[in-house]
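The values are calculated or read from the model by the stated rules, or taken from the named source; none is laboratory data. The model shown is predicted, which means the values in this text are computed figures rather than measured ones. Virtual Cβ from ideal backbone geometry, glycine too; neighbours counted across all protein chains shown. Each accessible area value is taken on the protein alone, full model and side chains, heavy atoms only, with ligands, DNA and RNA left out. Shrake-Rupley method; radii C 1.70, N 1.55, O 1.52, S 1.80 Å.
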Amino acid sequence: MTSDAIQKVQSCLTVRQNGTSKRIVDVETLLKRHGRGQVLSLLLDLQKEKEKKLVRLMEGDRSKREIDETVAQMFRLHMAIKVIEREMEEVEMWPS
């Protein structure tokens, strides 16, 4: 992946709150050790885990802040997944 694409993915997976940044996943480190396909698979698995967590949370008090945080993380994972999928499609279309 290009460094620009890695930055886009990481920005999707970084939450900024009260002047601090928190990474949901450190994509750059993962990509150094594993391929795009494996990282994509991990992100998809994480998204499924968040979906299951959300279902459990919705069974209780629906006004919990944890629900909002889980939904936000799911959306950020979705954005990162789409960036990686687009990058993989471009590589397939224009092999080097």
Legend entry - Subset of segment 11-40 (residues that are of a type in the set (A, V, I, L, M, F, W, C), part of a loop (DSSP other than H, G, I, E, B) and either more than 9 Å from the chain's Cα centre (by Cα) or within 13 Å of residue 72 (Cα to Cα) (or both)): 13, 24
Inset, instruction - Give the residue, chosen from 43, 57, that is over 28 Å from residue 94 (Cβ atoms), open to solvent by less than 80 Å² (accessible area, probe 1.4 Å) and assigned to a helix (DSSP H, G or I). - result: 57
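Collect the residues in segment 60-71 that are under 21 Å from residue 16 (Cα atoms) and either open to solvent by 50 Å² or more (accessible area, probe 1.4 Å) or in contact with a Pro (Cβ under 7 Å, 6 or more places away or on another chain) (or both), keeping them in residue-number order.
As a first pass, look at segment 60-71 and keep what is under 21 Å from residue 16 (Cα atoms): 64-71.
Across segment 60-71, the qualifying residues are 64, 65, 66, 68, 69, 71.
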Inset, instruction - State all residues of segment 39-69 that are among the polar types (S, T, N, Q) and at pLDDT 95 or above; if no residue qualifies, say none. - result: 41, 47
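So is residue 90 part of a helix (DSSP H, G or I), under 29 Å from residue 4 (Cβ atoms), open to solvent by 70 Å² or more (accessible area, probe 1.4 Å) and among the acidic types (Asp, Glu) or not?
yes
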Legend entry - Whichever residue in segment 21-36 is closer than 21 Å to residue 92 by Cα and free of Cβ contacts under 8 Å to residues at least 12 places away in the same chain and, among such residues, is most open to solvent (accessible area, probe 1.4 Å): 32
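Take the conditions under 13 Å from the mean Cα position of the chain (by Cα), more than 17 Å from residue 8 (Cα to Cα) and open to solvent by 90 Å² or more (accessible area, probe 1.4 Å) and apply them to residue 48. Does it pass?
Details: under 13 Å from the mean Cα position of the chain (by Cα): yes; more than 17 Å from residue 8 (Cα to Cα): yes; open to solvent by 90 Å² or more (accessible area, probe 1.4 Å): yes.
Criteria met by residue 48.
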